[in-house]
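> Have a look at the structure that comes next, please.
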Amino acid sequence: MFGFLSSSKTMLESGLLNGAIDHHSHILYGVDDGVSTEEESLSILSYLEQAGLKTLWLTPHTMEDVPNTTEGLKERFNALCAVYSGPIELHLASEYMIDTLFERHLEDGDLLLHGEDRVLVETSTWSPPINLKEILSRMMSKGYRPILAHPERYRYMTEEDYAQYHRMGVLFQLNLPSVLGVYGEGAMHRAWDLLGKGWYTMAGSDCHRMRSISGQYASKVLKSAQIKQLESLMKAI
């Protein structure tokens, strides 16, 4: 019992966040269901500085219910950068729900890219768009690399679904709360399974609030073998 406890550490204790890249967050204030105020954005950034985070991607939602525009998000991002003077490298992208609004963005080429050619996308956790495979294929034909946000949370996906999308070249982004059990045992088991297969390309916190990220990083524990399994992914570009 005591040996198990001594080999288990929280995210903060593990050192996983030191020099890490967070590829998915909702810390850009006042644009979606994430952080509401500039003050909270800065507080979370200060917390992540102390944890040693190197790079943070701000990826607010864009969907029919949250119809953010590219220019509007850039304006808010620039406003945050103007008041943040810390060491974390900030980058802007968006988490696009695959819906009719996204299809218009895709057709117009009006997308906030996650790097050179990648686009972060999501679906409902319960059911996929009817034409999900077709849309992912269309993205790739236009020169984009789809990043499927938190695939472990999609309850409709089967092992063959994951294998098929992986073969297509779709990238998978792990939500760190999933491996900590925040979304339930099903998502946690699927996350560790995909990790074991080596199918994740990157990881992110999906942070929406200070209280959630501080609670998860400071109280949820991982075993030493699990920490080892996550090490390279935390610094993946």
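Please treat every number below as a calculation from the coordinates, not as lab data. Computed from a predicted model, the values in this text were never measured in an experiment. Glycine also receives a Cβ, built like all others from the backbone with ideal geometry; neighbour counts cover every protein chain displayed.
> For L222, what is the net charge nearby, where nearby means another residue's Cβ is under 10 Å from its Cβ and Lys, Arg count +1, Asp, Glu -1?
Residues near L222 contribute +3 overall.
> If you wrap a convex hull around the Cα atoms of region 12-121, how much volume per residue is inside, in Å³?
101
> So what does log10 I(q)/I(0) come out to for region 35-85 at q = 0.22, 0.30 Å⁻¹, using the Debye formula with one equal point on every Cα and no solvent?
Log10 of I(q)/I(0), two decimals: -0.93, -1.28.
> Using a cut-off of 15 Å between beta-carbons, work out the net charge of the residues near E103 (Lys and Arg +1, Asp and Glu -1, E103 not included).
Working: positive: R104, K133, R138, K142; negative: E64, D99, E107, D108, D110, E122, E134.
Net local charge, E103 excluded: -3.
> Okay, next question. Which one, R153, R118, R104, has the greatest fluctuation when you compute a Gaussian network model over the chain with C-alpha springs under 10 angstrom?
It is R104.
> For region 2-234, just the Cα atoms, rotate onto the principal axes and tell me the three extents in Å, largest first.
Largest to smallest, the principal-axis extents are 56, 46, 27 Å.
> Can you sort L58, L194 by how many other beta carbons sit within 10 Å, fewest first?
On the way: L58 26, L194 19.
Ascending Cβ contact count within 10 Å gives the list L194, L58.
> Related question: Quick check for the chain: number of Lys pairs with alpha-carbon distance under 13 Å, counting only pairs 8 or more apart or on different chains?
Going through the chain pair by pair, I get 4.
> Starting with the fewest neighbours, write out D99, D206 ranked by other beta-carbon atoms found within 10 Å of each beta-carbon.
Ascending number of Cβ neighbours within 10 Å: D99, D206.
> Could you put H23, H114 in order, starting from the residue whose Cβ has the fewest other Cβ atoms within 10 Å?
Lowest count first: H114, H23.
> Write out the GluC sites (Glu not before Pro) in region 1-70 meeting two conditions: DSSP loop, and at most 14 other Cβ atoms within 10 Å of their Cβ.
Hits after loop and neighbour filter: E64.
> Something else about it: Counting only Cα atoms, I'd like the Rg/Rh figure for region 165-237, Kirkwood definition for Rh.
0.96
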